[in-house]
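What follows is one structure encoded as structure tokens, with my remarks underneath.
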Amino acid sequence: MLVAAMNPCPCGFLNHPEKSCACHPNTVQRYHQKVSGPLLDRIDMHIEVSPVKYHELQDTKSSESSQAIRLRILAARQIQQKRYAQQHGTYANAHISRKQVEEFCKLKPDGQGILQMALKKLGLSARAYERILKVARTIADLDGSNSIESQHISEAIQYRSLDRSN
Ligand SMILES: [Zn+2]
């Protein structure tokens with residue numbers, strides 16, 4: 001699994017809630033273009049992380065425990081193992097081929113509409129399109145849903161923030 005991080009711009013303050021970015025838009029664009037499109041296409045999820053404020057770090061409000069998250073993930077993995085039981089060498093959504101995407105990541109008409117609109121607006125590649133469908137399948141599995149609903153596809157599109165900013 002590859003996990004990578006980069007600054008939003010050379011000065012590091014683009015989209016910062018309090019500080020202002022000193023970079024020219026062209027500089028930001030050039031900076032983003034250092035990471036090639038084909039490489040970005042191969043990364044399933046891009047997420048923009050904003051700075052955490054000190055009082056938020058101290059927040060003791062209980063969030064979902066790692067144990068509870070682990071159980072949800074295990075359940076989703078089991079759903080996938082079952083789904084691909086007849087598919088030799090495949091046991092997770094991330095591994096499925098283009099043909100299998102067509103078979104296992106079917107969208108309802110409303111989901112298709114959302115994805116088509118996003119593709120047109122963001123100018124996504126065929127590779128990014130497949131990634132979105134696989135991630136949406138996984139989000140639906142985590143949700144315990146047999147079908148990929150519009151909220152699952154919308155969430156998956158949210159995880160292409162670098163395509164969006166380009
Ligand atoms: Zn900047």
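Observations
- Residue list for the range 124-148, filter: more than 22 Å from residue 71 (Cα to Cα) and in contact (Cβ under 8 Å) with a residue 40 or more places away in the chain: 125, 127, 128, 131
- Filtering 50, 62, 36, 66 for residues that are modelled with pLDDT of 90 or more and loosely packed, with under 10 Cβ neighbours inside 10 Å leaves a single hit, 66.
- For residue 54, the test of being touching a Phe, Trp or Tyr at 6+ places or on another chain (Cβ under 6 Å), of a type in the set (Ser, Thr, Tyr) and free of Cβ contacts under 8 Å to residues at least 24 places away in the same chain is failed.
- Among (1) at pLDDT below 90; (2) away from the ligand (no atom under 16 Å from the Cβ); (3) surrounded by 10 or more Cβ atoms within 10 Å (Cβ to Cβ) - the single one residue 72 does not satisfy: (1)
- For the range 36-56, a tally of residues being out of contact with any helix residue (DSSP H, G or I) (no Cβ under 6 Å at 6 or more places or on another chain) and within 16 Å of the ligand (Cβ to nearest atom) returns 3.
- Single residue of 54, 91, 129 found to be under 30 Å from residue 19 (Cβ atoms) and among the aromatic types (Phe, Trp, Tyr): 54
- Test result for residue 91, closer than 22 Å to residue 40 by Cα and aromatic (Phe, Trp, Tyr): no
- The set of residues in the range 1-32 that are polar (S, T, N, Q) and closer than 17 Å to residue 47 by Cα comprises 7, 15.
- Helices (runs of 4 or more DSSP H) wholly inside the range 87-166 that include at least 1 residues being at pLDDT below 95, out of contact with any helix residue (DSSP H, G or I) (no Cβ under 7 Å at 6 or more places or on another chain) and over 27 Å from residue 7 (Cβ atoms): 98-104, 109-122, 126-142
The values are calculated or read from the model by the stated rules, or taken from the named source; none is laboratory data. A quick note: this is a predicted structure, and the numbers were derived from the prediction, not measured. All Cβ positions, even for glycine, are placed from backbone atoms using ideal geometry, and neighbour counts span all protein chains on display.
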